[in-house]
Amino acid sequence: MESLLIHHIGQLAGIRSQSRPLKGNCLSDFLCLENAWMLIREGRIAAFGSMEEDWRAGAHAGVGVHVIAGSMGSPGSDVHTGGSIREIDAGGALVLPAWCDSHTHIVFAGSREQEFVDKIKGVSYAEIAAKGGGILNSARKLADTPEEDLYYMAYARLVECMRMGTGAIEIKSGYGLSTEAELKMLRVIQRLKQNAPIPVRSTFLGAHAFPVAFKNNRDAYIDLVVEEMLPQIQAEGLADYIDVFCEDGFFTQSETERICRAGMERGLIPKIHANQLNRSGGVQAGVAVGALSVDHLETMGPEEIACLQGSTTIATLLPGAAFFLRMGYPPARAMVDAGLTLALASDYNPGSCPSGNMNFVVALACIQMKLTPEEAINAATINGAYAMGVGQEVGSITEGKKANLIFMRPVPSLAYLPYAFGTTHIDRVMINGEFLDY
Ligand SMILES: [Zn+2]
């Protein structure tokens, strides 16, 4: 297989010799190499260094790489693989690890812009939900849509996300709310996992809302999730994670814990929707069951922050949802200062954030939550990767990781990315060492 030597990288950003989630003040640790080269072998980052070194010919001492380059314009050879080396001039591009979007709902059957207009006209979220809108609206549409159609719609959204720089993604079920429809969603995610070139993680969110038929018999729906859905999901190996929408009017703290523990018995790891609308006990439930992440966290008090301190649970913030719903943002600064591990994700879904643009998520985190550009980028890359269990594979410029990279047009500095928030900075996206050609 051909190796790839990229030279004249303006800034190679997000370098880490050791990969681990970044806690508290470490979130600002950010290493950037000016005027760099990078060698990619078999789709992975093999080595990188400064152009000041003798990068093109002979041995790169200290990085354990031996590249024999050909004459200008002709391919060299890679002594490790015996294959040829192709050279690419990055033209001063800023190269970053691709975004790791650890919270999405991209399998859905239709958009909900009518609700969007209703909200502009003053109809409340609760009124829309009472009219059968919201999650139940998506569930109705999904039940009527064939699996094949759902797959193609979701694949198109996945491609849209990759073109905006996403190089790993988590996708949830939760618009099914019946055994048949939840399994249909999870099979769609399974196919995305098999066919997409990026890492995909699958989350079972059967406990997203109570279907109308179970409104007055909540326990019966939870029994259905636990006793009927989960065994089939385990039997078919359809999910990595279990999620619950822990909010007032949805699932309580104790219901959340019960569902998570049932999922854990089936080999699933909890990731929870917590504290978006209320201080619902979602954070406490997540920490009690050892959740990988608790997500949203728009409404946090000192108790919730204290609860997360000393836990290994990642606090995943979704500022696109707060933006779209005109809600207050999570207290990100206080959370970093308290030593928590913060990740950023898009929450791409048809109701509360119809966008998977992680570039905008990073900008919002800086503009509205006062994270520094370095903190926001780390939260959207390395910590996002750990929030979906792919931290050893992607999320940083580290030897051995997948070459899932964003090539940004030359910019004056890293801060220019969130500063010029409406500009498309991305020139090309690389997945597994190859540039996307769609
Ligand atoms: Zn969500």
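Measure up Lys119/Lys271; Lys121/Lys172; Lys141/Lys172; Lys131/Lys193; Lys141/Lys184; Lys370/Lys401 against 24 Å on the Cα-Cα distance and list the ones that go over.
Numbers: Lys119/Lys271 29 Å; Lys121/Lys172 30 Å; Lys141/Lys172 16 Å; Lys131/Lys193 35 Å; Lys141/Lys184 13 Å; Lys370/Lys401 30 Å.
Check vs 24 Å cut-off fails for Lys119/Lys271; Lys121/Lys172; Lys131/Lys193; Lys370/Lys401.
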Next on the checklist: Just to confirm a number: summing +1 for Lys and Arg and -1 for Asp and Glu over residues other than Arg16 whose beta-carbon lies under 11 angstrom from that of Arg16, what do you get?
Outcome noted: 0
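Arrange the peptides 369-379, 390-400, 142-152 so that the one whose residues have, on average, the most other Cβ atoms within 10 Å appears first.
Values: 369-379: 23.5, 390-400: 20.9, 142-152: 14.8.
Packing proxy ranking, top to bottom: 369-379, 390-400, 142-152.
Suppose a student asked you for the relative contact order of region 99-386, using Cα pairs under 8 Å spaced at least 6 residues apart; what percent would you report?
Normalised by residue count, the contact order of region 99-386 is 18 percent.
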Item to check | Protection-proxy order for peptides 315-323, 255-263, each taking the mean of Cβ atoms within 10 Å per residue, highest first | outcome: 315-323, 255-263
Checklist entry - R0 = 30 Å: FRET efficiency of Ser124 with Ala334, Cβ-based, nearest 0.05? => result 0.60
Checklist outcome for this item: Place a point 7 Å from the Cα of Tyr419 in the direction of its beta carbon; the residues of region 10-54 whose amide N falls under 20 Å from it are 10-14, 28-35
Item to check | Alpha carbon centroid spacing (whole Å) that separates region 106-154 from region 231-306 | outcome: 23
Item to check | Space enclosed by the convex hull of the alpha-carbon atoms of region 99-386, per residue, Å³ | outcome: 113
Next on the checklist: If I model a spin label at Arg279 and Glu228 as a point 7 Å from the Cα along the Cα→Cβ vector, what separation in nanometres do I get?
Outcome noted: 3.8
Item to check | Mean Cβ neighbour count within 10 Å, used as a protection proxy, ranking 105-112, 213-220, 130-137, 421-428 highest first | outcome: 105-112, 130-137, 421-428, 213-220
Item to check | Rounded to 5, the percent of DSSP beta bridges in the chain classed as antiparallel | outcome: 50
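Each value in this text was obtained by applying a stated rule to the coordinates, not by laboratory testing. Being a predicted model, the structure only gives us computed values, none of them experimental. Methodologically, a virtual Cβ is constructed for each residue, glycine included, from the backbone with ideal geometry; neighbour enumeration extends over all protein chains shown.
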